[in-house]
């Protein structure tokens, strides 16, 4: 199951989002349309974000197209022997070439399969190589005929090129607007979800509108009767920052970062933290008590191998203050902090 989806996607350089959805339904199962954004995880949406964050492909939701990334080995930000992970499109033939190249240098390099949790069963195992030096990783990439970036870890490069919330706020164009007569949901900061049961409009709110013709979602940030279009992911963080709410949990001792599933990191920052290990985040649920602005019993993604420097840099890009705490994940995947 874990390789079926990505192998099928890799047979094409790109595909329309509708084609991806049909492919996903065949491999996995259909998701249901909901009036209120559920705190239960939408498996398709979760897999889409993880595939993107791990560098397998890029989803252009405005253009409704999925683009496969070229196969590459990218460096991980680890201490000790250098490690690189395979990203981009893959095929059985490419994997065999990679195995053969590693086998020819078995005294200098090892290939590791890093498997994901059951919830992420559709995500292919991360293929990570650990070598005695950078030059050996470059030799492997040359043999397999794939790209290789070893100048610096991908996570560092991505973190530095990512936009910031301040940049996004400066680009917002607030104008006097009339709300479209479309199906609407409002983001509730108390529950961190979009809901069709938002009640009366406050002075400031973030709204989602669905175009009845194209089914495309549009997001507007409202302030005192004026509104500005905004991207869904950045819009949520703009709204939370202005409300002074912090939602990123960080355990510096075990280098783990927890992010609410319903307020995922924007694309490049999600890829930043995912490519600290090259593996999918662990999906768990918070306990019965509220943690900062995170509601009780709320699903969160826990990323591993996140150094304090990268965690602080990602948080600063979002105008978030890290919530330093200690994680304990109990039976049944419940996170206590």
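We did not get these values from a lab; they are worked out from the coordinates using the rules stated. Just so we're clear, the structure is a prediction, and the values are computed from it rather than from any experiment. FYI the Cβ positions are ideal-geometry reconstructions off the backbone, even for glycines, and counts take in every protein chain you see.
Taking packing as the residue-averaged number of other Cβ atoms within 10 angstrom, the listed peptides 164-174, 292-302, 182-192 run from highest to lowest as 292-302, 182-192, 164-174.
Quickly rank 155-161, 81-87 as a protection proxy: mean count of other C-beta atoms within 10 Å, highest first. Write out the running numbers ahead of the final one.
Working: 155-161: 18.0, 81-87: 22.3.
Sorting 155-161, 81-87 by mean packing, highest first, produces 81-87, 155-161.
Going by neighbour counts of Cβ atoms within 10 Å, the residues 9, 68 line up, fewest first, as 68, 9. When only alpha carbons are used to place a centre, the stretch 153-168 and the stretch 323-337 end up 28 Å from one another. Helix 92-103 and the longest principal axis of the C-alpha atoms of the chain enclose an angle of approximately 50°. Compared with the alpha-carbon gap, the fully stretched path from residue 182 to residue 224 is longer by 13.1 nm at 0.36 nm per residue. Counted residue by residue at 0.36 nm each, then reduced by the alpha carbon distance between them, the extension gain from residue 325 to residue 174 reaches 50.6 nm.
At a Förster radius of 22 Å, what calculated FRET efficiency corresponds to the Cβ-Cβ distance of residue 65 and residue 217, to the nearest 0.05? Numbers along the way, then the final one.
Values: r = 16 Å, r/R0 = 0.72.
The value I calculate is 0.85.
Over the chain, dividing the summed -39,500 (n - 2.57) contributions of all DSSP H runs of at least 4 residues by the number of residues returns a 222 nm mean residue ellipticity of -8000 deg cm²/dmol. Largest GNM mean-square fluctuation across 44, 105, 90, computed for the chain with C-alpha springs under 10 Å, falls on 105. Could you tell me what percent of the DSSP beta bridges with both partners in the chain are antiparallel, to the nearest 5? The antiparallel proportion sits near 90 percent. Extension gain for residue 96-residue 108 works out to 2.5 nm (0.36 nm per residue, less the C-alpha to C-alpha distance).
For a protection proxy built on the mean count of beta-carbon atoms within 10 angstrom, sort 45-57, 238-250, 137-149 highest first, please. Display every interim value, and only then the final one.
Numbers: 45-57: 21.3, 238-250: 19.2, 137-149: 17.6.
Averaged packing, sorted descending, gives the order 45-57, 238-250, 137-149.
If one takes the longest principal axis of the Cα atoms in the chain, at what angle in degrees, from 0 to 90 and to the nearest 10, does the Cα axis of helix 308-317 lie? That works out to roughly 40 degrees. Using R₀ = 56 Å, calculate the FRET efficiency as 1/(1 + (r/R₀)^6) where r is the Cβ-Cβ separation of residue 135 and residue 242; round to 0.05. Efficiency, from the Cβ-Cβ distance: 0.70.
For the chain, go through all pairs of different Cα atoms, get the mean of 1/r, take its inverse, and jot down that Kirkwood value in Å.
For the chain, the Kirkwood estimate is 21.2 Å.
Roughly how far apart, in whole Å, are the Cα centres of the stretch 9-25 and the stretch 241-286? Value for the Cα centre distance between the two parts: 27 Å. Taken along the Cα-to-beta-carbon direction at a fixed 7 Å, the label points for residue 8 and residue 316 span 4.3 nm. Can you figure out the FRET efficiency of residue 334 with residue 307, using R₀ = 30 Å and their beta-carbon distance, to the nearest 0.05? E between residue 334 and residue 307, to the nearest 0.05, is 0.70.
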